[in-house]
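The values are calculated or read from the model by the stated rules, or taken from the named source; none is laboratory data. Everything numeric here is computed off the predicted structure, so don't read it as measured data. Glycine also receives a Cβ, built like all others from the backbone with ideal geometry; neighbour counts cover every protein chain displayed.
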Amino acid sequence: MYGEENATLLYLPKLAAGGVELAEIPHSGHWSMYANPVAMWERIAAFLPPGHAR
């Protein structure tokens, strides 16, 4: 999980190539939980398996 302002981080392509699911949070930088908490928590909820208690 990373803020869109950090989309150019050099290690992101390596993580993706290694099978890591990346989640870009729009309208945020390093502190997504403050800049765009709704999008951050929605992305976390989408990552959870169906039927998981939310």
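Every test in (1) part of a loop (DSSP other than H, G, I, E, B); (2) surrounded by 10 or more Cβ atoms within 10 Å (Cβ to Cβ); (3) at pLDDT below 95 is passed by Met33 save one, and that test is (1). Cβ-Cβ distances below 9 Å connect the following pairs, each with a first residue in the stretch 1-30 that is farther than 14 Å from Trp41 by Cα, a second residue that is aromatic (Phe, Trp, Tyr) and not in a strand (DSSP E or B), and a separation of six or more residues or different chains: Glu21/Phe47. Condition (residue is surrounded by 13 or more Cβ atoms within 10 Å (Cβ to Cβ) and either assigned to a helix (DSSP H, G or I) or within 13 Å of the chain's Cα centre (by Cα) (or both)) applied to the stretch 46-53: is it met by at least one residue? Within the stretch 46-53, none of the residues are surrounded by 13 or more Cβ atoms within 10 Å (Cβ to Cβ) and either assigned to a helix (DSSP H, G or I) or within 13 Å of the chain's Cα centre (by Cα) (or both).
Would a scan of the stretch 20-35 turn up a residue that is in contact with a Gly (Cβ under 6 Å, 6 or more places away or on another chain) and polar (S, T, N, Q)? Among the residues of the stretch 20-35, at least one is in contact with a Gly (Cβ under 6 Å, 6 or more places away or on another chain) and polar (S, T, N, Q), which makes the answer yes.
Here the stretch 1-30 is the region considered, the condition is being among the polar types (S, T, N, Q) and either in a loop (DSSP other than H, G, I, E, B) or in contact with a Pro (Cβ under 7 Å, 6 or more places away or on another chain) (or both), and the residue that is surrounded by the most Cβ atoms within 10 Å (Cβ to Cβ) is Ser28.
Taking the criterion of being within 10 Å of the chain's Cα centre (by Cα) and more than 9 Å from Met1 (Cα to Cα), the only residue of the stretch 21-31 that qualifies is Pro26.
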